[in-house]
Every structure is written in C-alpha cells, then in structure tokens.
Amino acid sequence: MKLSLVIDGPLLEPLNIDADTPLEITTNGEALIITPVRDKKRRQDFEAALEKADRQYGRMLKNLAGWIAGLVSLTLARVIEIHRDQMCRCGGSPGTRDLDLLKPALTTPRAGMGGQYIKGSGLRKRPRGAR
C-alpha cells in the first residue's frame, strides 16, 4: 500500500523545506515524524561530541543534579537558620511573620506518591489565609 502526503507551504517555509529538500520519515510508535535531512556529517559530529562530553562529564553532571535536587528539600529549621543569618548580615526584622504559611511551602516540593515526586500542574494555589 502507498500513500501520498501533501504538506502546505506555510508549514514548510519556517523549516526551510522546499521541493528539493530530502526528508526523513520515522516513527516513535505512535506518530510519523518528518524531518528535513540536513548535513549528515554535522549531525554525526554533534553526536560524537555529545558522547565525548557524556564520557568526560556525565558522572559529574549526574552528581551535580543530585546535589541540586537536595537543595530543594529544606527543613523548617534550616530556613529559619538561613533567615537569621541574612538578618544578621543585612538587617531586618527578626523572626518570621507566619510559620503556618511557611510550612506548606517547604513540604510541597517533597510531596510524592510511590517514590515519585508529584510535579506541579502549573497552577499555583495560595495557602489558606493568604491574600
């Protein structure tokens, strides 16, 4: 079985595709992916550089990602300690205005289920009592 596909100009122009541009058609198992074939040597060079960077720095970058993820999990005691330190350095009012508003902000990033962190939906909810 053979099928033809017509793609309108407005879709092709931003990709710099014309009638002479070779196209590669692949699938991810659910959709067809049509991409213009660019300079294969350039693509191979890029992939080789990416593999080299992964060999040289992959372990360090994974460790850094783990370290950064650990920074997100601040405890209430640590936040209060950081606040005190900043007040000593920069001045300002001592203490916190409302610990009940601070606590949910600290626990939300650690919320999860089944060992998986729950990522936000993009909607932000205000804590109870906030204006």
Report the residue count in region 1-26 for those that are open to solvent by 100 Å² or more (accessible area, probe 1.4 Å) and either touching a Phe, Trp or Tyr at 6+ places or on another chain (Cβ under 8 Å) or among the small types (Gly, Ala, Ser) (or both).
-> 2
Return yes or no: is residue 109 open to solvent by 90 Å² or more (accessible area, probe 1.4 Å), modelled with pLDDT under 85 and in contact with a helix residue (DSSP H, G or I) (Cβ under 9 Å, 6 or more places away or on another chain)?
-> no
Would you be able to tell me the number of residues in region 63-86 that are open to solvent by 70 Å² or more (accessible area, probe 1.4 Å) and either farther than 11 Å from residue 106 by Cα or at pLDDT below 75 (or both)?
-> 9
When the residues of region 24-42 are filtered to those that are assigned to a loop (DSSP other than H, G, I, E, B) and among the charged types (D, E, K, R), which remaining residue is nearest to the chain's Cα centre (by Cα)?
-> 30
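The values are calculated or read from the model by the stated rules, or taken from the named source; none is laboratory data. What you see is a predicted model; the values in this text were computed from it and never measured. For neighbour counting, all protein chains shown are included, and Cβ atoms are generated from backbone atoms with ideal geometry for every residue, glycine included. The protein model used for the area step is the full one, side chains on, heavy atoms only, and it has no ligands, DNA or RNA in it. Shrake-Rupley method; radii C 1.70, N 1.55, O 1.52, S 1.80 Å.
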